[in-house]
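Asker: Handing you this structure, nothing more for now.
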Amino acid sequence: AKILSNLALSLQRQSKLDEAIALYKSAIEINPDDPALLQNFGMACKQNGNMQEAKTVLEKALAVNKDSYCVHMALGEILAADSQCDPAIAHYKEAATLRPTESAPQFNLGGLYARQAKYQQAADSYAAALQLKPGDARVTADLGWSLYAAGRLPEAAEKLEVVARQDSSNAKVLRALAAIYSSLKDSATDEATKQSYRSKAVKCWNEVVRLD
């Protein structure tokens, strides 16, 4: 089984997935409870687009070794792609517990919470991901949008300002910032703050018009 598994892994790394899967199946018949073998077999199925088979195999791998970060992440991806958000969230949470210094589980959790319109939880997950991966442009943007959707406007403005500085031609972000500044202006209690937000909103709208 070890020789077959090694050959299969070599083929998998060469993207010869059909051949790799055939060898994995032969190896599994000899050693059906090997967690590494099941994991690699499941990953090969996933790479080859056989999602249902991948899910079945990876669930068997998890039954043998419940503490596999890679298997939890892979199952999360498969379930998320099938719009099974709650089971996917459970796997990403397990992955985050197993590797608390990895940003990917928190980022994926943020995306799933946003899909469910749970923007506060999405923002919290994206914030955790950004803490683990400071300065990441995509995480910063998604955090900004989630904060905006959650109604946390000053924090949303802070993050989206970073995005606008990184990409000054992003009209969508500039429109959002203009709307945020307008809302903050309306809720401000002193004239100086109102004027500051008004100026920022006008500047953003002017940029949007220029870009259009």
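Asker: For the range 153-172, which residues satisfy the criterion of being assigned to a loop (DSSP other than H, G, I, E, B) and either acidic (Asp, Glu) or within 28 Å of residue 87 (Cα to Cα) (or both)?
Answerer: Matches in the range 153-172: 167 only.
Asker: Now for a different question. Being without any contact (Cβ under 8 Å) to a residue 60 or more places away in the chain, assigned to a helix (DSSP H, G or I) and under 30 Å from residue 28 (Cβ atoms), is that true of even one residue in the range 106-120?
Answerer: Yes - at least one qualifying residue is present in the range 106-120.
Asker: All but one of (1) of a type in the set (A, V, I, L, M); (2) at pLDDT below 95; (3) buried (at least 16 other Cβ atoms within 10 Å of the Cβ) hold for residue 211; state the number of the condition that does not hold.
Answerer: Checking residue 211 against (1) of a type in the set (A, V, I, L, M); (2) at pLDDT below 95; (3) buried (at least 16 other Cβ atoms within 10 Å of the Cβ), the one that fails is (3).
Asker: Which one of these is of a type in the set (Asp, Glu) and either open to solvent by less than 30 Å² (accessible area, probe 1.4 Å) or within 27 Å of residue 126 (Cα to Cα) (or both): 34, 86?
Answerer: 86
Asker: Then there is this: Considering each of 99, 13 in turn, give the residue that is at pLDDT below 95, open to solvent by 60 Å² or more (accessible area, probe 1.4 Å), under 30 Å from residue 136 (Cα atoms) and not aliphatic (A, V, I, L, M).
Answerer: Only one candidate qualifies: 13.
Residues are listed down the side, and each one gets a yes or a no for (1) more than 28 Å from residue 155 (Cα to Cα); (2) more than 13 Å from the chain's Cα centre (by Cα):
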position	(1), (2)
59	yes, yes
63	yes, yes
73	yes, no
89	no, no
101	no, yes
104	no, no
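Asker: Moving on to the next point. Could you tell me which numbered condition residue 112 fails, if it satisfies all but one of (1) within 30 Å of residue 23 (Cα to Cα); (2) of a type in the set (A, V, I, L, M); (3) buried (at least 16 other Cβ atoms within 10 Å of the Cβ)?
Answerer: Answer for residue 112: the failing condition is (1).
Asker: Still on this model: Any residue at all in the range 127-142 that is closer than 30 Å to residue 35 by Cβ, touching a helix residue (DSSP H, G or I) at 6+ places or on another chain (Cβ under 7 Å), open to solvent by 50 Å² or more (accessible area, probe 1.4 Å) and part of a helix (DSSP H, G or I)?
Answerer: There is at least one residue in the range 127-142 that is closer than 30 Å to residue 35 by Cβ, touching a helix residue (DSSP H, G or I) at 6+ places or on another chain (Cβ under 7 Å), open to solvent by 50 Å² or more (accessible area, probe 1.4 Å) and part of a helix (DSSP H, G or I).
Asker: Return the pairs, sorted by first residue and then second, in which the second residue is outside any helix (DSSP H, G or I), the first residue lies in the range 43-70 and is at negative phi, the beta carbons are less than 6 Å apart, and the residues are 6+ apart or on different chains.
Answerer: If the second residue must be outside any helix (DSSP H, G or I), the pairs left are 64/33; 69/99.
Asker: When the residues of the range 165-181 are narrowed to those that are hydrophobic (A, V, I, L, M, F, W, C) and surrounded by fewer than 22 Cβ atoms within 10 Å (Cβ to Cβ), which ends up farthest from residue 112 (Cα to Cα)?
Answerer: This residue is 178.
Asker: Considering only the range 69-83, state which residues are over 24 Å from residue 127 (Cβ atoms) and open to solvent by less than 10 Å² (accessible area, probe 1.4 Å).
Answerer: Those that are over 24 Å from residue 127 (Cβ atoms) and open to solvent by less than 10 Å² (accessible area, probe 1.4 Å): 71, 74, 75.
The values are calculated or read from the model by the stated rules, or taken from the named source; none is laboratory data. Predicted, not measured: the structure shown is a model, and the values here were computed from it. Positions of Cβ are generated from backbone atoms using ideal geometry, with glycine treated the same way; all protein chains shown enter the neighbour counts. Accessible surface areas use protein heavy atoms only, side chains included; no ligands, DNA or RNA. Shrake-Rupley method; radii C 1.70, N 1.55, O 1.52, S 1.80 Å.
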